[in-house]
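Quick notes on the structure that follows.
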Amino acid sequence: MIIAPSLLAADFSRLAKESARTSKSGADWLHLDIMDGHFVPNISFGPAVVKAVRPFSKLFFDVHLMCSKPEILLEPFAKAGADEIIIHVELGEQVEPLIWKIKNLGKKVGLAVNPPTAITEAEPFLDKIDLLLVMTVNPGFGGQEFIHETLPKIQQAETWRRERKLPYRISVDGGINNQTAAECARAGADTFVAGTSLFGQRSLKAAVTKMRKIVNGADPGLADLAI
Ligand code: DX5
Ligand code: ZN
């Protein structure tokens, strides 16, 4: 199980310290939400910020591109220190070439699916990706409420992975707290992106420890009860 705090919910006036704090919290990855004001109605930060915080963290950098033109950003983020780059399946025919470009940069590849998009849109790419990100809110802003209707998509992703013996991770992002993380874990998720619920706690370390304990204890046999 991977716990990935999202830097979007950190204190932007002290990002270096926040990155260092996350690095020491027991979290596995740092999730970095990149918003371009076009693919989503909000702007966050770019490669220069990722490069600036990189020396303050030893964590795996999971860079989530919510951007209409990721092709112009792949190299800058790869150079800035991304370990994985996630693009959105909603980009249509651009997806396949983008996947190969990310691989050629020597980075892991993630593919994200928005709540209104059918999970079947991701099916053709399952054998080419390292991670499938099931968005559990409509992307653009932190602090939104988890959309329960996304749970069957996690189950479908898990069924495909098992049946086809594929190694991709199943990540969830948006409205993840201890309660919804447990529901996602029971449905088959293994990677949990959480902003508000983790950074909102006084002790990030205690919050990460608790979430890890909860998702590790979630019984997959109870998946149907979660829906
Ligand atoms: C949503 C982003 C998320 C966001 C999650 O647009 O992709 O990663 O930071 O934030 P919370 O956990 O606050 O919903
Ligand atoms: Zn994200």
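The values are calculated or read from the model by the stated rules, or taken from the named source; none is laboratory data. Please read these numbers as outputs of a predicted model, since none were measured by experiment. Glycine gets a Cβ as well: all are built from the backbone with ideal geometry, and neighbour counts include every protein chain shown. Only protein heavy atoms, including side chains, enter the accessible area calculation; ligands, DNA and RNA are left aside. Shrake-Rupley method; radii C 1.70, N 1.55, O 1.52, S 1.80 Å.
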| said: Between 189, 112, 206, where does the largest GNM mean-square fluctuation fall for the chain, given springs only between Cα atoms within less than 10 Å? | reply: 206
| By accessible area of protein heavy atoms, probe 1.4 Å, what ranking do 127, 173 get, highest first? | 127, 173
| Where both partners of a DSSP beta bridge lie in the chain, what percent of those bridges are antiparallel, to the nearest 5? | 5 percent
| note | For the stretch 74-227, the percent of accessible surface on carbon and sulfur atoms (probe 1.4 angstrom, ligands and nucleic acids excluded) is 50 percent
| field | Cross-link reach list, lysines versus residue 205, counting only Cα pairs under 18 Å and skipping chain neighbours closer than eight places | value | 17, 24, 58, 213
| Looking at the stretch 113-209, which trypsin sites (Lys or Arg not before Pro) are in a loop (DSSP not H, G, I, E or B) and have at most 10 other Cβ atoms within 10 Å? | 165, 202
| request: Select from the stretch 31-85 those trypsin sites (Lys or Arg not before Pro) which occupy a DSSP coil region and have at most 16 other Cβ atoms within 10 Å, ordered by residue number. | output: 58
| task | Rank 178, 138, 42 by mean-square fluctuation in a GNM of the chain with C-alpha springs under 10 angstrom and give only the top-ranked residue. | result | 42
| query | How much accessible surface area, in Å² rounded to 10, belongs to the heavy atoms of residue 56 with a 1.4 Å probe? | reply | 100 Å²
| Near the amide H of residue 86, under 5 Å away, which other amide H atoms are found, from residues 5 or more places off or on another chain, if H is placed in the peptide plane? | 63, 64, 65, 110
| Unit Cα scatterers, Debye sum, the chain: log10 I(q)/I(0) for q = 0.12, 0.13, 0.15 Å⁻¹ | -0.58, -0.69, -0.94
| query | Over the stretch 127-227, what is the relative contact order in whole percent, taking alpha-carbon pairs under 8 Å and six or more residues apart? | reply | 29 percent
| message | Net charge around residue 28, counting only other residues with Cβ within less than 10 Å of its Cβ (Lys, Arg = +1; Asp, Glu = -1)? | response | 0
| Normalised by the residues of the chain, what does the relative contact order come to in percent, with Cα pairs under 8 Å and at least six apart? | 20 percent
| request: Compute the accessible area per residue over the chain, keeping the other protein chains in place, probe 1.4 Å, unit Å². | output: 44 Å²
| With contacts defined as alpha carbon pairs under 8 Å and 6 or more residues apart, what's the relative contact order of the stretch 50-105 in percent? | 40 percent
| said: Among 37, 92, 140, which one shows the highest mean-square fluctuation when the chain is modelled as a Gaussian network with alpha-carbon springs under 10 Å? | reply: 92
| note | Over the chain, the sum of -39500 (n - 2.57) across DSSP H runs of at least four, divided by residue number and rounded to 500 deg cm²/dmol, gives at 222 nm -9500 deg cm²/dmol
